[in-house]
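Contents: one structure, followed by commentary.
We did not get these values from a lab; they are worked out from the coordinates using the rules stated. Computed from a predicted model, the values in this text were never measured in an experiment. FYI the Cβ positions are ideal-geometry reconstructions off the backbone, even for glycines, and counts take in every protein chain you see.
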Amino acid sequence: MAYVPLADQDSEMEMHHPHSWVTKYVWSQDHKVIAIQYGGIAIAVGVVALILSLLMRMQLGFPETFDLIDPSSYYQSVTMHGMIMVVYMLTALLLGGFGNYLIPLMCGARDMVFPFLNMLSVWVYALSVIILMSSFFVSGGPTGAGWTLYPPQTTMAGTPGHDMGIVLMLLSLAVFIVAFTMGGLNYVTTVLQYRCRGLTMMRLPLTVWGIFIATILGLFAFPALLVSAIMMLFDILLGTSFFMPAVIESGTPLDHNGGSPILFQHLFWFFGHPEVYIVALPAFGLVSDVLSTHARKNIFGYRMMVWAIIAIGGLSFVVWAHHMYVSGMHPYFGFFFATTTLIIAVPTALKVYNWVLTLWEGDIRLNAPMYFAIGFIFTFIHGGLTGLFLGNVVIDLPLSDTYFVVAHFHMVMGVSPVLVIFAALYHWYPKVTGRMFHEGMAKAHFWITFLGTYAIYLPMHYLGFLGVPRRYYAMGSTDFIPESAQDLNAAITIAALIVGAAQILFFINIFWSLRNGKPSGPNPWGSASLEWQTPDTPPKHGNWGDELPTVYRWAYDYSVPGAHEDFIPQNVPESEEPTADEQHFDPDHDASKADA
Amino acid sequence: MSEAAISGSNSTLVDDWSADKQAYHVPWGKAMMWIFLVSDTFIFTCFLTGYLHVRLTTTDPWPLQSEIFALSFGGDPIPLILIAIMTFILITSSGTMALAVNFGYRRDKKKTFWFMVATAAFGASFVGMQAFEWSKLILEEGVRPWGNPFGAPQFGSVFFMITGFHGLHVTAGVIYLLTVAFKVKKGHYDKKGYEIVEIAGLYWHFVDLVWVFIFAFFYLL
Ligand code: HEM
Ligand SMILES: [Cu+2]
């Protein structure tokens, strides 16, 4: 049988058609419904993690005031907060949520290549979340080992949740990885094989590029976490000694010997560092598209941006041991990993320059998504710069495990992706719901979140310099930490509580606007990319009506001179262009400009 | 994109690969299987590097595999004989799988079916022999995941973990092959095409290939 590319196949061939309410909204195979399910679960666990962080902050800011938190529950909160935020919230929301919603729409496809697997993915993810949450209710509570789960302390009696909690955590991670793999295979294959006519890889919006490369990173990095989870489960349940050296616990030697805790660190960070970029690359992509649309300018240096994403993705596999400078490794090792770490800064800085240059002389429209996107540039530069410092062995040694590190990673991989997520949620909200959100409320949400972020994390850098250690329940009285550090801690906590409370604005806004928002029309931002050109808003099942779109240009034809709307959608043929202009830029025509 | 850009001077590898509609001229199922296998390769690589690492760091001496994995048929023990047979069977099954793929593309349903069943049977017998090996180690030699009489406890841990993980892959493969085989027999793929046989074959060859590595790293090293 002659082989027919998917994009050319009869639309009826691979589509399933939901009939009942249950197949439409629960066991749905529609990528848009799956995206909302993924996003909803991720945001819900994110709220849990947020509440945990506020509990920790209350303890740190006002020690001995709240009986609620004892040292054990503090450790458990730190651990669950960190793990949920990184894996179950950010990864799931960016890839499962935005990836699912945007990839088929931006690729001009009707759905993912394998919708059934996609549906399984979200439900297996839900299962992993249930397993994780159940650890709050078992005896001993959730694990308190820190999100890095370093053995041997993870499994030793002094650590809260060393019996059931850690087992459930590892199990949940393994299940999450299965879910991620099922989704991830879909995202990658859809981008590679399911693009509509005319949509070359180099015409894809950067959002798709970011999610695509991040998914590949995930498919190659999560295996290391899976393997370390399996090995640690064996250590706990079968009494093997993969990670457990000979240990004496309160006088009695444990039944382990000869294992290597360092092996766990290597496996964990071989996953852990790419994980940072699994979160960052989709955010880079999303923010590029938001910036370009609201600045009414093409993204500066499109090709460079794509290659930077690829370069960052590749390099992220050879920097992992910069998290292990204090593990006693060979200095030459440290030298190697410091070098690769600093090299990664080059493509990253390039992206930052290009975002700024995209704004340069743009016809900037300060809509709420744009606020968040510009806010991201600030926080990302900030967190990126401290990263340059921490990448150097000699600077990291004294700062490791202090609040400086906490401040650094919150700026770069906590706040920055979260700002992008808000930008993207507001930006695509009209497409998903067909309604506008309340602009004023969104802007209030932005200012409190953005300024609050700085109020929380700037002082933490200073605390780190003082030597305030990370993951401590209380400072106690030490010589090197001045009394005044406590005032700073109290101020940080107040800011954190305000920021936490301000998130309610977001929820009110999206739920209120579902009913009361103005109808948005199909393309309220005047965006050129394909997802805004669907025949229906919100897009119906199958996305494109009877005929798949054909693409004639890249996704960034903004402010085209002579165009009647100042932009040209991707699916408008050259012949319908208002003027046969030379200004119009297509990287396939003119690579020299892109690299200039 | 203009015609010149497609056929012109700049038709580099990148342009070719990034052409519209699809990057590889294969059905999506095949592309997806390839990507999955690369991801799975990372899992096995992590297992094997983890094994090498604990073997280097453990404090006790590593047991002599050739003696543990010896089997005697009445006379003197022959080192590694069972593993050699198992490896031979698995490699043979790759051959029958390749034949099945070939007959699939020729739309010879009957032969495709039987070669797939044969492949699955080889796979099942591999798993059976593995079960035999495990039970011998556990019951007769006293090897446990947490310790063994021969030396480093990590020996048993790694052995059961890695061969077990591979055995699960083989078992899954047997089920997968049989499912596809029976669908082939029923004519399920007459309209869709027989690429699925090749896709299942990819998985199967991968599992065989991984075994070769496990064999080399575990039994020979
Ligand atoms: C209002 C927002 C947030 C607040 C107030 C907050 C607060 C905190 C606090 C107090 C800690 C514990 C520090 C310690 O004792 O060592 C912590 C740890 C952590 N947070 Fe956040 N956080 C927030 C958002 C996020 C986000 C969005 C992420 C996503 C990446 C994140 C990731 C982490 C990680 C990975 C840890 C380390 C956990 C560990 O040490 O095991 N946080 N956060
Ligand atoms: Cu890192």
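Placing a label point 7 Å from the Cα of A:Tyr472 along the Cα-to-Cβ direction, the residues of segment A:55-78 whose backbone N falls under 14 Å from that point are A:60-61, A:63.
Roughly how tilted is helix B:109-135, in degrees to the nearest 10 and between 0 and 90, from the longest Cα axis of chain B? Tilt of helix B:109-135: around 20 degrees. Within segment A:484-543, the proportion of Cα pairs with more than 19 Å between them is 60 percent. Over the residues of chain B, the helix contribution to mean residue ellipticity at 222 nm works out to -23000 deg cm²/dmol, using -39500 (n - 2.57) for each DSSP H run of at least 4. Modelled this way, with points 7 Å down the Cα-to-C-beta line, the labels at A:Met156 and A:Asp479 are 2.7 nm from one another. Summarising the label geometry, the points placed 7 Å from Cα in the beta-carbon direction at A:Tyr462 and A:Ser575 lie 6.7 nm from one another.
What is the Cα centroid distance between segment B:114-128 and segment A:218-280, reported in whole angstrom? So the two Cα centres are separated by 35 Å. Hydrophobic, long helices, defined as DSSP H runs whose alpha-carbon span along the helix axis is 24 Å or greater and whose mean Kyte-Doolittle value is at least -1.0, occur in chain A at A:31-61, A:115-134, A:164-193, A:206-237, A:261-294, A:331-359, A:368-390, A:416-433, A:439-466, A:484-516.
Taking the number of Cβ atoms within 10 Å of each Cβ as an exposure proxy, the fewest-first ranking of A:Ile481, A:Ile504, B:Ile175 is A:Ile504, B:Ile175, A:Ile481.
The value of relative contact order for segment B:21-220, using C-alpha pairs under 8 Å at least six residues apart, is 28 percent.
Taking 0.36 nm per residue of separation and subtracting the current Cα-Cα distance, fully stretching the chain between A:Glu439 and A:Ile395 would add 11.5 nm. Seen against the Cα atoms of chain B and their longest principal axis, helix B:195-214 is set at about 30 degrees.
So what is log10(I(q)/I(0)) for segment A:437-564 at q = 0.14 1/Å, when the Debye sum runs over its Cα atoms only? Log10 I(q)/I(0), no solvent term: -0.83.
Rounding to the nearest 20 debye, state how big the charge dipole of segment B:21-220 is about its Cα centre with +1 on each Lys and Arg Cβ and -1 on each Asp and Glu Cβ. Value, rounded to 20: 1280 debye. Kirkwood hydrodynamic radius computed over the protein assembly as shown comes to 28.6 Å, based on all pairs of distinct alpha carbons. Rounded to the nearest 500, the 222 nm mean residue ellipticity of chain A from helices alone is -19500 deg cm²/dmol, with -39,500 (n - 2.57) taken per DSSP H run of at least 4 residues. P(r) tail for segment A:13-139: Cα pairs beyond 23 Å make up 44% of the total. If the cut-off is 25 Å between C-alpha atoms, which lysines fall inside it for B:Lys192, apart from same-chain ones fewer than 8 positions away? Within the straight-line limit of under 25 Å, B:Lys192 reaches these lysines: B:Lys21, B:Lys30, B:Lys109, B:Lys110, B:Lys111, B:Lys183. Under 5 Å from the amide H of A:Arg435 lie the amide H atoms of A:Ser520, each residue being 5 or more positions distant or on a separate chain, with H modelled from the backbone and absent for Pro and chain starts. The Cα center of segment A:81-98 and the Cα center of segment A:141-202 differ in position by 9 Å. Under 5 Å between amide hydrogens, built in the peptide plane, is the criterion, and for A:Thr402 it picks out A:Arg470 among residues at least 5 positions away or on other chains. Report note on the peptides A:128-138, A:284-294: ranked by the mean count of other C-beta atoms within 10 Å, highest first, their order is A:284-294, A:128-138.
Rg/Rh, computed from the Cα trace of segment B:21-220 with Rh as the Kirkwood radius, has the value 1.05. Across the alpha-carbon set of segment A:313-392, the Rg to Rh ratio works out to 1.13, Rh being the Kirkwood radius. Partner lysines whose Cα lies under 18 Å from the Cα of A:Lys297, excluding those fewer than 8 positions away in the same chain, are identified as A:Lys351, A:Lys593.
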